[in-house]
1. Report yes if L82 is in contact (Cβ under 8 Å) with a residue 24 or more places away in the chain and over 25 Å from G107 (Cα atoms), otherwise no.
2. Please go through region 87-115 and pick out each residue that is closer than 13 Å to T29 by Cβ, within 9 Å of the chain's Cα centre (by Cα) and either modelled with pLDDT of 80 or more or loosely packed, with under 10 Cβ neighbours inside 10 Å (or both).
3. Given the conditions (1) polar (S, T, N, Q); (2) touching a strand residue (DSSP E or B) at 6+ places or on another chain (Cβ under 7 Å); (3) surrounded by 13 or more Cβ atoms within 10 Å (Cβ to Cβ), report the number of the one that S63 does not fulfil.
4. Return the pair list, or none, for Cβ contacts closer than 7 Å from residues in region 12-31 that are under 24 Å from Q100 (Cβ atoms) to residues that are of a type in the set (A, V, I, L, M) and surrounded by 10 or more Cβ atoms within 10 Å (Cβ to Cβ), at least 6 apart or on different chains.
5. Against the condition hydrophobic (A, V, I, L, M, F, W, C), within 23 Å of K104 (Cβ to Cβ), loosely packed, with under 15 Cβ neighbours inside 10 Å and modelled with pLDDT of 90 or more, how does A23 come out, does it pass?
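The values are calculated or read from the model by the stated rules, or taken from the named source; none is laboratory data. Computed from a predicted structure; not experimentally measured. Cβ placement follows ideal geometry from the backbone for every residue including glycine, while neighbour counts extend to all protein chains displayed.
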Amino acid sequence: MKARLPKGYGGGSSDMNSMIKQAQKMQETIGKVQAELETREYAVTSGGGMVEVHITGKREIQSLTIKPEAVDPDDIEMLQDLIVAGVNEAIRKVDETTEQEMSKVTGGMNMPGLL
């Protein structure tokens, strides 16, 4: 007696070819989305707007603006902390946006090595 599989299950090379084509299409779409994300620019502030960081999707800082009132020669550590906080927030924003956009392409699947 032979077991029969429901339609769409099991065997053929046509199923495998279809899966390969879908994977190739997804990979192409991911490449396009990544390229678009890398061209985006983000602006983030810290310290209530005392420090503003502009960063690209490639995580490259384009500019850093510090308001004069944030510069206190007696408290350089605070200024350093504001800069670090601004840069870290900018990087988080890039990562979060990238994750959201890639999730749209992959349907929420975790695909190590692609992102």
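1. Answer is yes for this residue.
2. E101, M102
3. (3)
4. If the second residue must be of a type in the set (A, V, I, L, M) and surrounded by 10 or more Cβ atoms within 10 Å (Cβ to Cβ), the pairs left are M26/V105; T29/V105; I30/M102; I30/V105; I30/L114.
5. The answer is no for A23.
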